[in-house]
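Novice: Before I ask anything, let me first share the structure, which is written out below as structure tokens.
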Amino acid sequence: MKRRKVSNLLGLAVLATVLERPMHPYEVATLLRERGKEGDLKIKWGSLYTVVGNLEKHGFLEAVENVREGARPERTVYRITEAGQAEMEDWIAELLGVPDPEPTRFHTGLSVMLALTPEVVDQELKHRVGELEQMIGERVEELAKMRAELPRLVLLEAEYQLAMWRAEAEWVRGLREELATGAIPGVEEWRRYRETGELPDMAAFVQGEGE
């Protein structure tokens, strides 16, 4: 991954939005909300003006005018620069073409789950599946509504997220089944370790793997 002058993904959202036409930050925020981008970018709205300022500082945006609407404070309208468009295009290409090696929170949890008992792990995985099923149901409803108004081309990120949640839920269900049936060697040794504190022979965890 490249080290970028502005690395906050909100900056990319701003550049992609201002590409449409010059606008002030408040208008950018309004459009991002209307298009449901909060779920895609984990936007922290309090940092919007800081991000815009950094984009301008590095030559990716430039102010073109100040406007006032009624009694509202004066607002600065920005447009994307040539350098900003080049940065935006390179950034999007990187996001699409380069897998993200950063571990997720779930990845980290799996890496240390032996510190809990098998029973607790099973309960938490069961809870996770329930949460995922609720998220999947809500996203299916949201997509059904959005498809009535928007072309599929602008809903691909929502489709992708739905597919990832479904795949994760299926994987976790399979993991719970394997842990319950003992299809994964070492579960009893793991349980004994949590009960007695005695570290098991690691061979118990790999016995039968690959057979």
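Rule-based calculations on the coordinates, nothing more; no lab input. Being a predicted model, the structure only gives us computed values, none of them experimental. Please note: Cβ atoms are built from the backbone with ideal geometry, for glycine as well, and neighbour counts cover all protein chains shown.
Novice: Here are a few candidate values for semi-axes √(5λ) of the Cα gyration tensor in Å: (i) 26, 20, 18; (ii) 39, 27, 13; (iii) 47, 20, 16. Which one was actually calculated from the structure I just gave you?
Specialist: Only one listed value fits the structure, namely (iii).
Novice: Another question, if that's okay. By how many degrees, between 0 and 90 and to the nearest 10, does the Cα long axis of helix 118-147 differ from the longest principal axis of the chain?
Specialist: 30
Novice: Same structure again: Can you tell me the 0 to 90 degree angle between the C-alpha axis of helix 156-181 and the longest principal axis of the chain, rounded to 10?
Specialist: With rounding to tens, the tilt is 10 degrees.
Novice: For 165, 190, what ranking results if the residue with the fewest other Cβ atoms within 10 Å of its Cβ goes first?
Specialist: Result, fewest neighbours first: 165, 190.
Novice: How would you rank 128, 147, going from fewest to most other Cβ atoms within 10 Å of each one's own Cβ?
Specialist: Ranking 128, 147 by Cβ neighbours within 10 Å, fewest first, gives 147, 128.
Novice: Can I ask one more? If you project the alpha carbons of the range 105-206 onto their three principal axes, what span does each projection cover, largest first, in Å?
Specialist: Computed over the Cα atoms, the extents are 60, 23, 20 Å.
Novice: Sorted from fewest to most neighbouring beta carbons within 10 Å, what does the list 88, 146 look like?
Specialist: Ranking 88, 146 by Cβ neighbours within 10 Å, fewest first, gives 146, 88.
Novice: If each DSSP helix of 4+ residues adds -39,500 (n - 2.57) and the sum is divided by the residues in the chain, what number results at 222 nm, nearest 500 deg cm²/dmol?
Specialist: Result for the chain: -19000 deg cm²/dmol, rounded to the nearest 500.
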